[in-house]
Amino acid sequence: MADSSQPDNSGQQPQQVNLQQIAQQFMVGLQRHFDMLAFNLAARERVAEEDYDRLVHAPKIMPAAKTHQNFEQMQAYARDLLMRQVIGDGMNLTVTVLNNAHFFLALVKTTNAKSQVSQEAQAEAQKVQQAFVSAPLDQKFNKLEQDYGIMCELEDSITSLGFCLQALLHQKGLVKEPQADENGELVVELKALKVLSRGAESDQVKGKLVDQRKVFREGDMIAFNDMELQLVLVTIASFADALFKSVSHFAKSVKDQSGGGAE
């Protein structure tokens, strides 16, 4: 998957880039998407056919009445549209957080984690960042490993979600050879909470994240149920959390070696 988006920190002075702020902004944005998904799922559960018919006929005229879709058809269409939107928005957020994390890493590396950034160091970091932003998703992971020694947890999960989006956007949701592995499968591992204990209150739950596999075979249609769509965003949150920890560890190691002071 190629990406042409620009990192959110473009235009900022390098010394203003702060990993904690990047992480906080990402998680707040992701939570907003999670809440909106829950809202849409709740609204869809309560929509009634009579309300749809009443609203669709309220203007007494339609743009193309012969192609009007009934309630069942619109339910299926809305479900498909929501799935595309959730996975698409999730992948866009993932690419953005990769870009922003890389810019921070580039600055740490070019400045030896010092808070003061020279014009030369700034130019070098921006040059490296430009190449990273324009790279396809798989190459972004490769660059993080090769240039900074960062192995991204859940890389396979993110890549598989990218393949799902590819099938949804370009193949009408049908899994084909480009998305399948050597076994003819597209495996998506989602993070889910395994409850270990419950407290007296309903929201007092102790648990751990475990993998939940979703397998599509070549020729299958991409489909996720409501809970799985929510777990897509949970998986992206888990991926980002691990990425931020790895980036922070890299910055600390460079700072310790150089005696610098990364922001």
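Within segment 107-123, track down each residue that is open to solvent by 60 Å² or more (accessible area, probe 1.4 Å) and touching a residue at least 24 places away in the same chain (Cβ under 8 Å). Listed by number, the residues that qualify are 109, 112, 114, 116.
Regarding segment 242-255, can at least one residue be identified that is under 26 Å from residue 36 (Cβ atoms), in contact with a strand residue (DSSP E or B) (Cβ under 7 Å, 6 or more places away or on another chain) and surrounded by fewer than 19 Cβ atoms within 10 Å (Cβ to Cβ)? Within segment 242-255, not a single residue is under 26 Å from residue 36 (Cβ atoms), in contact with a strand residue (DSSP E or B) (Cβ under 7 Å, 6 or more places away or on another chain) and surrounded by fewer than 19 Cβ atoms within 10 Å (Cβ to Cβ). On the basis of being loosely packed, with under 13 Cβ neighbours inside 10 Å, basic (Lys, Arg), out of contact with any Phe, Trp or Tyr (no Cβ under 7 Å at 6 or more places or on another chain) and assigned to a loop (DSSP other than H, G, I, E, B), does residue 66 make the cut? Answer is no for this residue. When 206, 214 are screened for being more than 30 Å from residue 103 (Cβ to Cβ), basic (Lys, Arg) and open to solvent by less than 80 Å² (accessible area, probe 1.4 Å), only 214 passes. State which residue is nearest to residue 235 (Cα to Cα) when the search covers only segment 76-87 and only residues that are open to solvent by 40 Å² or more (accessible area, probe 1.4 Å) and among the hydrophobic types (A, V, I, L, M, F, W, C). Going through the qualifying residues, I end up with 81. Taking segment 224-239 as the range and being without any contact (Cβ under 8 Å) to a residue 12 or more places away in the chain and over 18 Å from residue 194 (Cβ atoms) as the test, only 225 passes. Checking 175, 188, 234 one by one, the residue that is crowded, with 16+ Cβ neighbours inside 10 Å, closer than 30 Å to residue 108 by Cα, aliphatic (A, V, I, L, M) and in contact with a strand residue (DSSP E or B) (Cβ under 8 Å, 6 or more places away or on another chain) is 234 and no other. Under the condition of being touching a residue at least 60 places away in the same chain (Cβ under 8 Å) and within 13 Å of the chain's Cα centre (by Cα), the residues counted in segment 76-92 number 7. Taking (1) open to solvent by less than 40 Å² (accessible area, probe 1.4 Å); (2) part of a helix (DSSP H, G or I); (3) within 30 Å of residue 251 (Cα to Cα); (4) in contact with a helix residue (DSSP H, G or I) (Cβ under 7 Å, 6 or more places away or on another chain) in turn, residue 167 satisfies each apart from (3).
For every residue, the table says whether it meets (1) open to solvent by 40 Å² or more (accessible area, probe 1.4 Å); (2) not in a helix (DSSP H, G or I); (3) not aliphatic (A, V, I, L, M).
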| site | (1), (2), (3) |
| --- | --- |
| 74 | yes, no, no |
| 89 | yes, no, yes |
| 93 | no, no, no |
| 105 | no, no, no |
| 125 | no, no, no |
| 135 | no, yes, no |
| 141 | no, no, yes |
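Of the residues examined, residue 194 is not one that is out of contact with any helix residue (DSSP H, G or I) (no Cβ under 6 Å at 6 or more places or on another chain), basic (Lys, Arg), surrounded by fewer than 17 Cβ atoms within 10 Å (Cβ to Cβ) and not in a strand (DSSP E or B).
The values are calculated or read from the model by the stated rules, or taken from the named source; none is laboratory data. Computed from a predicted structure; not experimentally measured. FYI the Cβ positions are ideal-geometry reconstructions off the backbone, even for glycines, and counts take in every protein chain you see. In case anyone asks, the SASA skips ligands and DNA or RNA and just uses the protein heavy atoms, side chains included. Shrake-Rupley method; radii C 1.70, N 1.55, O 1.52, S 1.80 Å.
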